[in-house]
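**Q** Structure incoming, see below.
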Amino acid sequence: MEDAVAPNKGLDRIAFYTLRSVTRLCDGVGVALMAAILLLIVAAVIARDLLGIGMPWTEEMASMLAIYAIGFGSLSAWVRSEHLAVDLFSHKLSGLGKNIQYRLTTLISCGFFALAAWGAWIMSDMSANNKTVSLSISFSYLYYGIFFSFVGMALIALWQCLRGPVVWLEVSHEEETSQP
Amino acid sequence: MTELMIFVGGLLVLMAIGLPVVVAIGVTSFIALVVTGTGGLPVELLPLRMVQTLNNFTLLAIPLFILAANIMNIGSTTTRIFDFATALVGFTKGGLGHANVVASSIFATMSGTAVADAAGLGSIEIKAMKERGYELGYSTGITAASSVIGPILPPSIALVVYGWLANVSIGGLFMAGLVPGILMALLLMGMTILLSASGKVVMPKPTPFDACEVVRTGKRAILPLMMPAIIVGGIWGGFFTPTEAGAIASLYAVILGGLVYRDLNWRDLFNAFRRTLMFSAVILLIIAVSSFYGWILVRMGIPQALAGQVASIDMPTFALLLCFALFFLLIGCFMSVIESILIFTPIVVPAALSAGLDPVHFGIVMVITLSVGVITPPFGTVLFLMVGITRLRYGQVVTAIIPFLLPIIATILLLIAVPGLATWLPDIMGY
């Protein structure tokens, strides 16, 4: 996506720049969260094994940050079309067939994400008084992480369903092959 | 059984029409909930299960080990490992083939996935073998096959997921993977000797053994080589949990690349973190949604029914495990290792346990057989990587891999016949 060329005009151009900004923001925040998780866990090991100080709250904090990191990462991966899919026959379809398949799968995805987001919203409301053990943080905050991710993916999937396949969603070959 | 067919069949159909795996699993779960429920769609159950799953410290091992592998793949770490392996075993006939297997085994003890090995070491190994005059087909075959060792030796991401789902000690599974992983490496090296002796593959003349070169490359690789000792020793010695081992491994990789070798800059580090974020988010989201799928399976009584049926089959455990292995080999051709583990562990583990199989032994067999799928058509991830690296045609890559499937299948058969290969080490280490 970094190397992709912006569409000339219209809604696609606005979407291109909006999604590029959203993706960069998600990448930045996600990477910061990952780094924080790494530092928290390393600090806990050093404090426990070398200094003899227990930091049990770090596990809770790291898990919580991970939920947000997964949320941001999933959203970014959705924009880049990096979510795993099994390509059984789409490469054999004609242009029209591919278009129909694309719109059908994005429509179903949009519906699923919308339902999941709705469920996360309900749970965030129901869990307001349910708190974590060490830090006493409301579970609502955990559901918010999932909620924002699903809402974001539902909106993008809806856009994809309405506009069809667009070039800026393609991932560069280098990125594809460097995944572990 | 009909419900199981609808449940698994529906999922496969949704995946076949091109839906992302996470959406296919989620939609199947919702459909099952509506069909078997008492009316309405309790959508809040999905996020409830997801948060219960993701709010789990053990699963953090997955992004942390992937991060360690991504950082190690930048800079000179992989080259240092391969150079050392070449100096160590490169003097034999087919020496670089052996070096390829040894380097992959060493890298496997740091990365935990086959694709990390093939993507990181693969291009270095194939380039070196090409320069020394090895046939490209042979180089491709051995590189792809040796990457299968990745998900077996600790710290295997697949074993972390299996251990978490089947409620089996992840430390114990790590130890259980050691002997089968080493056995597979030895059998792959044996195949190289066979191919060389039969004259079916023309191997260049080996270079003479040079002890000074072993010492010199050993010195260059000593710090990366310490990582497996830190991971396995730390977990076994009780200094840290598998998740903490992932964090320590990542930090160690950052220190090696950034401060010691100075071939890791801030941009590379950011990209390594970004790739890790993306890949981990995709995998962990599937894991979270799969936990909902697994919960519905249990609610419908499918694993319990299947366990009852399997327990009633009058068949030796060896034959039963062989049937499971054949099933996983077939499934592995179409689905990734992690997806298959997520979907099938809740279904088959209760059945395997009711039939008297050991969960550690069963887990190792399951992970190895599913891992073969990364090098088998039609969807083997490593196959596509090899096409990208070598520029060979897909069919040529598949043909090149065929001889190396024999040692891998032999490892699986030996493992099924001799459970001690997997259970001996965890037993003596007190897991």
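The values are calculated or read from the model by the stated rules, or taken from the named source; none is laboratory data. Keep in mind it's a predicted model, so treat the numbers as computed, not measured. So basically every Cβ, Gly included, is an ideal-geometry build from the backbone, and we count neighbours across all protein chains shown. Note: accessible area is taken over every heavy atom of the protein model, side chains too, but ligands, DNA and RNA are not part of it. Shrake-Rupley method; radii C 1.70, N 1.55, O 1.52, S 1.80 Å.
**Q** What stretch of chain B, leaving out the sites themselves, is the longest with no trypsin sites (Lys or Arg not before Pro) in a DSSP loop having at most 12 other Cβ atoms within 10 Å?
**A** Counting only loop sites that pass the neighbour cut-off, the longest clear stretch is B:1-199.
**Q** With a 1.4 Å probe on protein heavy atoms only, work out how much accessible surface A and B bury together, total over both chains, in Å² to the nearest 100.
**A** About 5500 Å² of accessible surface is lost on pairing.
**Q** Sticking with this structure for a sec: Accessible area per residue for region A:16-165 in Å², computed with a 1.4 Å probe and the full protein assembly in place, what is it?
**A** The answer is 46 Å² per residue.
**Q** Here's a follow-up. Please list A:H91, A:H83 from largest to smallest accessible area, probe radius 1.4 Å, with all protein chains kept in place. Show your work: numbers first, answer last.
**A** Working: A:H91 110, A:H83 20 Å².
If we order A:H91, A:H83 from most to least accessible, we get A:H91, A:H83.
**Q** Using alpha carbons only, how many degrees (0 to 90, rounded to 10) separate the axis of helix A:11-49 from the longest principal axis of chain A?
**A** 20 degrees
**Q** Once a ≥ b ≥ c are taken as the square roots of the eigenvalues of the Cα gyration tensor of chain B, is the result rounded (a/c under 1.5), prolate (a/b larger than b/c) or oblate (a/b not larger than b/c)?
**A** On the way: a/c = 1.78, a/b = 1.52, b/c = 1.17.
Prolate is the answer for chain B, as a/c is 1.5 or above and a/b outweighs b/c.
**Q** Could you tell me what % of all Cα pairs in chain A have separations over 31 Å? Let's see the in-between values first.
**A** Details: 4750 of 16110 pairs.
The share of Cα pairs beyond 31 Å in chain A comes to 29 percent.
**Q** May I pose another question? Tell me, what HN-Hα J-couplings in whole Hz come from the Karplus equation 6.51 cos²θ - 1.76 cosθ + 1.60 at θ = phi - 60° for each residue of region B:53-61, using x for Gly and Pro?
**A** Each residue of region B:53-61 in turn: 6, 6, 7, 9, 5, 4, 5, 5, 4 Hz.
**Q** If you don't mind, there's one more thing I want to ask. Carbon and sulfur atoms: what percent of the 1.4 Å accessible area of region B:230-388 do they account for?
**A** 71 percent
**Q** For the protein assembly as shown, taking Cα atoms only, what is the radius of gyration to one decimal and the Dmax to the nearest whole Å?
**A** 23.8, 75
**Q** Whose amide H sits under 5 Å from the amide H of A:A85, counting only residues 5 or more places off or on another chain, with H placed in the peptide plane?
**A** So A:A85 has HN proximity to B:V21.
**Q** Kindly express, to the nearest 10 degrees and within the range 0 to 90, the angle between helix B:381-390's C-alpha long axis and the longest C-alpha principal axis of chain B.
**A** Once rounded, the angle reads 30 degrees.
**Q** How far apart, in nm, are the 7 Å Cα→Cβ label points at B:L330 and A:L88?
**A** Between B:L330 and A:L88, the label points sit 1.5 nm apart.
**Q** So, one more: Averaging over all projection directions, find the projected area of the Cα convex hull of region B:1-151 and quote it in nm² with one decimal place.
**A** 13.0 nm²
**Q** What percent do you get for the relative contact order of chain B when only Cα pairs under 8 Å and 6+ apart count? Can you show the working numbers first?
**A** Values: 652 pairs, mean separation 106.5, N = 431.
In percent, rounded to a whole number, it is 25.
**Q** Give me the angle, in degrees from 0 to 90, between the Cα long axis of helix B:337-354 and the longest principal axis of the Cα atoms of chain B, rounded to the nearest 10.
**A** Result, in degrees: 60.
**Q** What accessible area per residue comes out for region B:31-117, rounded to a whole number of Å², with a 1.4 Å probe?
**A** Per residue, region B:31-117 has an accessible area of 25 Å².
**Q** Follow-up question, since we're still on this one. Would you kindly calculate the translational diffusion coefficient of region B:112-260, applying Stokes-Einstein with the Kirkwood radius from alpha carbon pairs, for 20 °C and a viscosity of 1.002 mPa s, and quote it in µm² s⁻¹ without decimals?
**A** Reported coefficient: 122 µm²/s.
**Q** May I ask you to give the percent of accessible area on region A:18-136 that is carbon plus sulfur, with a probe radius of 1.4 Å?
**A** After summing per-atom areas, the C and S share lands at 68 percent.
**Q** Right, here's the next one. With a 10 Å cut-off between alpha carbons and a GNM built on chain B, which of B:V27, B:V115, B:V101 moves the most?
**A** B:V27
**Q** Given a cut-off of 14 Å, what percent of all Cα-Cα pairs of region B:48-102 lie beyond it?
**A** It works out to 67 percent of all Cα pairs.
**Q** Given q = 0.28 Å⁻¹, what are the Debye log10 I(q)/I(0) values for region B:120-177, with equal point scatterers placed on the Cα positions and solvent ignored?
**A** Calculated log10 I(q)/I(0) at the listed q: -1.00.
**Q** Any chance you could check region A:81-95 for residues losing 50 Å² or more of accessible area when the partner protein chains are in, compared with the chain on its own (1.4 Å probe)?
**A** Residues passing the criterion (a loss of at least 50 Å², heavy atoms only) are A:H83, A:L84, A:V86, A:L88.
**Q** From the mean inverse distance of alpha carbon pairs (Kirkwood) and the Cα radius of gyration, derive Rg over Rh for region B:236-306.
**A** Numbers: Rg = 19.0 Å, Rh = 15.5 Å.
Result for region B:236-306 is an Rg/Rh of 1.23.
**Q** Through the Karplus equation 6.51 cos²θ - 1.76 cosθ + 1.60, θ set to phi - 60°, convert the phi angles of region B:178-189 into ³J(HN,Hα) values in whole Hz; use x for Gly and Pro.
**A** Values, residue by residue: 4, 5, x, x, 5, 4, 5, 4, 5, 5, 5, 5 Hz.
**Q** With each run of n ≥ 4 DSSP H residues scored as -39500 (n - 2.57), what mean residue ellipticity at 222 nm is computed for chain B after dividing by its residue count and rounding to the nearest 500 deg cm²/dmol?
**A** -25000 deg cm²/dmol
**Q** Just to confirm, what accessible area per residue do you get for region B:292-412 at 1.4 Å probe, in whole Å²?
**A** Per residue, region B:292-412 has 36 Å² of solvent-accessible surface.
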